[in-house]
Amino acid sequence: MEHPTGDGGLRRPELRLSATLLFGGVLISLLAGLQHPDAADANDHTASFTAYAASDAWIAVHLGQFLGMALLSSGLIVLAFALNLRHGAVAWAVRLGAAAAIAALALYAVLQGVDGVALKHAVDAWAGAAEGEKALRFAAAEDIRWLEWGVRSYQSFVLGSALILFGIAITATRRISRFIGYLMALSGAAYLAQGWVIGAEGFSASNAVPTLAGIVLVFGWTGWLLVTAWRGKGSSSSGV
């Protein structure tokens, strides 16, 4: 039976659980996102609200996205145990990263309540309102949309911070490939950029590059971590 801490203090059973949760969370988030109605420009509120009102899967899609984020955040928390760092600045980076992951999940729950439930009912009420009420209903839906911008902006900042902190810890300790740590930190930076753009401009075209970069980088390091966790033996001195 393999020792629970593996070589150099790395806890391989926890690493495998973490990698599985992280990759599973990314897959579920991507699959749910593919069902999201995105034909209209999200900053064109008339067009996007019309598409949202016509969607029968809206609430289910956002519940799926929340499940994906819950698995991703849980994977980061388990990763903190897998790295098994107890002393020093790097250990504090991991602890703060785990705390940020918990905060990111809490903010995402608020976000999906605003976007996945409140906005859907608001646009449905606007679409079905009498002509004299439409302007008021539309203004109410826009208020919810702007609240969504605010929550998503800060959620992106907090999640990005969590990824950067874990990336720093992995790079510094080299208990798993430092290149995974580099990709984690870069994906965190992409989320920070998303948070800034969404807060300043909403869902504008300026967010396309940071969003795509975040998706590609997260998919890359979670896939790499999954292979690493289930294939070889962990080592505190592994630098590749």
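Quick one: would you say Gly202 is at positive phi, modelled with pLDDT under 95 and not hydroxyl-bearing (Ser, Thr, Tyr)? Criteria met by Gly202.
Evaluating Gly239 against the criteria (1) over 21 Å from Ala70 (Cα atoms); (2) at pLDDT 90 or above; (3) out of contact with any Asp or Glu (no Cβ under 9 Å at 6 or more places or on another chain) leaves one unmet condition, (2). Inspect region 103-125 for any residue being of a type in the set (D, E, K, R) and surrounded by fewer than 18 Cβ atoms within 10 Å (Cβ to Cβ) and give the result as yes or no. Checked against the condition, which is being of a type in the set (D, E, K, R) and surrounded by fewer than 18 Cβ atoms within 10 Å (Cβ to Cβ), region 103-125 yields no hits at all.
Quick check: is even one residue across region 152-167 surrounded by fewer than 22 Cβ atoms within 10 Å (Cβ to Cβ) and over 30 Å from Thr228 (Cβ atoms)? Yes, there is a match, as at least one residue in region 152-167 is surrounded by fewer than 22 Cβ atoms within 10 Å (Cβ to Cβ) and over 30 Å from Thr228 (Cβ atoms). The C-beta contact set for region 49-60 (first residue under 23 Å from Ala135 (Cβ atoms), second residue among the β-branched types (Val, Ile, Thr), distance under 6 angstrom, 6+ apart or interchain) comprises Phe49/Val123; Tyr52/Val123; Ala53/Val123. Among residues of region 100-127 being small (Gly, Ala, Ser) and in contact (Cβ under 8 Å) with a residue 60 or more places away in the chain, the one that is farthest from Ala172 (Cα to Cα) is Ala127. Counting the residues of region 207-223 that are surrounded by 18 or more Cβ atoms within 10 Å (Cβ to Cβ) and either farther than 23 Å from His45 by Cβ or of a type in the set (Gly, Ala, Ser) (or both) gives 5. Restricting region 53-77 to residues that are over 16 Å from the mean Cα position of the chain (by Cα) and buried (at least 16 other Cβ atoms within 10 Å of the Cβ), the residue that is nearest to Leu30 (Cα to Cα) is Trp58. Checking the stated criteria, Asp56 turns out not to satisfy the condition of being modelled with pLDDT of 90 or more and over 23 Å from Ser153 (Cα atoms). Residue count for region 165-204, restricted to those that are among the aliphatic types (A, V, I, L, M) and in contact (Cβ under 8 Å) with a residue 60 or more places away in the chain: 6. Ser204 passes every criterion in (1) within 13 Å of the chain's Cα centre (by Cα); (2) among the polar types (S, T, N, Q); (3) surrounded by fewer than 15 Cβ atoms within 10 Å (Cβ to Cβ) apart from (1).
To keep it simple, each residue is scored yes or no on (1) in a helix (DSSP H, G or I); (2) more than 27 Å from Asp115 (Cβ to Cβ); (3) touching a residue at least 60 places away in the same chain (Cβ under 8 Å).
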| position | (1), (2), (3) |
| --- | --- |
| Leu15 | yes, yes, yes |
| Asp38 | no, no, no |
| Ala47 | yes, no, no |
| Gly68 | yes, no, no |
| Leu79 | yes, yes, yes |
| Val90 | yes, yes, yes |
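Taken together, the criteria place Ile176 among residues that are of a type in the set (Val, Ile, Thr), within 30 Å of His87 (Cβ to Cβ) and modelled with pLDDT under 95.
The values are calculated or read from the model by the stated rules, or taken from the named source; none is laboratory data. A quick note: this is a predicted structure, and the numbers were derived from the prediction, not measured. FYI the Cβ positions are ideal-geometry reconstructions off the backbone, even for glycines, and counts take in every protein chain you see.
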